[in-house]
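For reference, the structure discussed in these notes is given below.
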Amino acid sequence: MKAAVLYGKEQVRVEEVTPGELQRGEVRVRIEAALTCGTDLKVYRRGYHAKMIVPPAVFGHEFAGTISEIGGRVKGWRLGDRVVVANSAPCGNCFHCRAGQENLCDDLLFLNGAYAESIVIPARLVQRNLLRLKRHTEFRDAALTEPLACVVQGVEDTRLRRGQNVLVIGAGPIGLMFAVLAKHLGCKVTVAGRRAARLKAARRLGAERVIDVGHSGDLVEIIRRRTTTAFDAVIEAVGKPEVWEAAVRLVRKGGAVNFFGGCPSGTSITLDTTLIHYSNLTLLASFHHTPRTIRQALKYIESGVVRAADFVDGECFLEELPALLAQMTAGNQAVKTLVRVRG
C-alpha cells in the first residue's frame, strides 16, 4: 500500500510499504479521510516526537474510515463498519488512569499512520477508542474527533460556562474549535489572532469580536486598545512563551487561564507573583484527551456543532503531502487540509 513515511527532520516520503499482518484483537481500517494537524507539522519540522513517533515510521494521526479486516477474538465489529479511531489509548491500570486522569497515563499507547491507504488498529485501541459512526456522518467530519477531544478536555478543565467572557488567543484550528465550543456553551467569545481568512472564520463561527494582533507590538496593549472587556477566562492556543505571559495579564481578577498551546521543549516563562496571588488567578494547562472526551467530541460532530466545512479549507493527494508539509513550514495559511490517500 502507499503510505507517507517520516524519516527525520523535514523528511517525509510517500512509498509502497507492506501492510502489517493482524494480531489477535486487532482490526484493519481502510482510510477514507485523513487531515493535516499542527502537531504533525511540529513532528515534521523536528523529525520525531519522543512519545508519539520515532522514525522511520508511517505518519499522521487524524483519520476515519471503514473496517476492512478483523483479527482473532475481536467482538462487536463487522467488515464495512464505519469508524473513527483516536490516536491513543490509556492502559486503564496505572495511578493516573485509576485517578480519572487517563490523558496522563504512564503507558499511553499512541497510533500513527493516517497518511496511508490503510492502518492497523492495536487491540487496546480497538477496546478503548474505536468508535462506530452514524450512517449520515461524513468521514471528513469524523476525522476531526481527535483534535476536538483535546479541546473538549480544555473546555472542561477551564470550567467554561454560560455568560462568561472568553478570550481565545490564536485563530488556528484549535483556537477556532475553542471558539465554537465556548459559543455553544453560551459564552461571549473574543478571538485574537493573525491572518484575515482565519479571523473571518472566527467571526463566522460565532466570535462576537475578532482582533487582528498583527506581527509586532505588545500583544497585551494591542488587545486592551481594542476592547474593554474583563475576560473571565483566557485560552492560550498559540504555544509561545511570550503569549503564555500575556494571557496572565489579560484575565480578570479571579479568572482562569488555560495554557493550552504547547511551547517548545526547554522554554520557560516569567510570571508576576504579586499579580497571580492578589488577583486570585487560576492557572492551568490541558493535555491530550481521554476516552470520555473522545466520545463527547464525536457527539458534538454528529450533532452538527462542529463540521469539517468550517475547518477544512484545502485538499491534496497523498503524493503531494511532502510538498504540502514544506509549504506549511514556509507559511501555508490553510486551516486544515484533507489528504486523499487514493487517487
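Brief remarks follow.
- DSSP beta bridges in the chain [antiparallel fraction, %, rounded to 5]: 55 percent
- Approximating the spin labels as points 7 Å out from Cα along Cα→Cβ, the His136-to-Arg30 distance works out to 2.5 nm.
- Amide H partners (placed H, <5 Å) of Ala57, local residues excluded: Leu6
- ³J(HN,Hα), Karplus 6.51/-1.76/1.60, whole Hz, each residue of the range 176-193, x for Gly, Pro: 5, 5, 4, 4, 5, 5, 4, 4, 4, 7, x, 7, 9, 10, 10, 10, 10, x
- FRET efficiency estimate (nearest 0.05) - Cβ-Cβ, Glu315 to Trp77, R0 35 angstrom: 0.75
- Burial ordering of Val29, Val166, fewest other beta-carbon atoms within 10 Å first: Val29, Val166
- Sorting His61, His215 from the fewest to the most surrounding beta carbons within 10 angstrom yields His215, His61.
- Counted charge near Gly25, where neighbours are those whose Cβ lies closer than 14 Å (Asp, Glu -1; Lys, Arg +1): +3
- Prolate/oblate/rounded call for the range 274-343, Cα gyration tensor, a/c under 1.5 rounded: oblate
- Once backbone amide H atoms are built at 1.01 Å from N, Asn165 has Lys188, Asp232, Ala233 as its partners under 5 Å, excluding neighbours fewer than 5 places away on the same chain.
- The fewest-to-most ranking of Arg30, Arg128, Arg45 by surrounding Cβ atoms within 10 Å reads Arg45, Arg30, Arg128.
- Checking every one of the trypsin sites (Lys or Arg not before Pro) in the range 77-113 against DSSP loop status and a limit of 11 other Cβ atoms within 10 Å picks out Arg78.
- For the range 204-343, with +1 on Lys and Arg beta carbons and -1 on Asp and Glu, the positive-most of Gly314, Gln296, Val234 along the dipole: Gln296
- Cross-link partners of Lys134 among lysines, defined as those whose alpha carbon lies under 18 angstrom from its own and excluding same-chain residues fewer than eight positions apart: Lys299.
- Placing a label point 7 Å from the Cα of Leu41 along the Cα-to-Cβ line, the residues of the range 164-191 whose backbone N sits under 12 Å from it are 171-175.
- Using the Cβ-Cβ distance between Ser216 and Arg13 with R0 set to 25 Å, the FRET efficiency from 1/(1 + (r/R0)^6) comes to roughly 0.10.
- ³J(HN,Hα), Karplus 6.51/-1.76/1.60, whole Hz, each residue of the range 87-94, x for Gly, Pro: 8, 7, 8, x, 7, x, 10, 6
- Net charge of Cβ neighbours under 14 Å - reference Gly47; Lys, Arg +1; Asp, Glu -1: +3
- Shape of the range 148-284, Cα gyration tensor, a/c cut at 1.5: rounded
- 5 angstrom amide H check on Leu111, placed H, neighbours 5+ away: Ser88
- Relative contact order of the chain: 19 percent, from C-alpha pairs under 8 Å at least 6 residues apart in sequence.
- Helix-only mean residue ellipticity at 222 nm for the chain, each DSSP H run of n ≥ 4 adding -39500 (n - 2.57), per residue, nearest 500: -8500 deg cm²/dmol
- Karplus-derived HN-Hα couplings along the range 312-325 (A = 6.51, B = -1.76, C = 1.60, θ = phi - 60°), whole Hz, x at Gly and Pro: 8, 10, x, 9, 8, 7, 3, 5, 8, 4, x, 5, 4, 4
- Anisotropy class of the range 31-144 from Cα gyration tensor, a/c 1.5 cut: oblate
- Full extension of the chain segment joining Val54 with Thr282 gains 78.5 nm, where the gain is 0.36 nm per residue of separation less the Cα-Cα distance.
Read-outs: derived from the displayed coordinates by stated rules, not from any lab. The structure displayed is predicted, hence computed values, not measured ones. Glycine also receives a Cβ, built like all others from the backbone with ideal geometry; neighbour counts cover every protein chain displayed.
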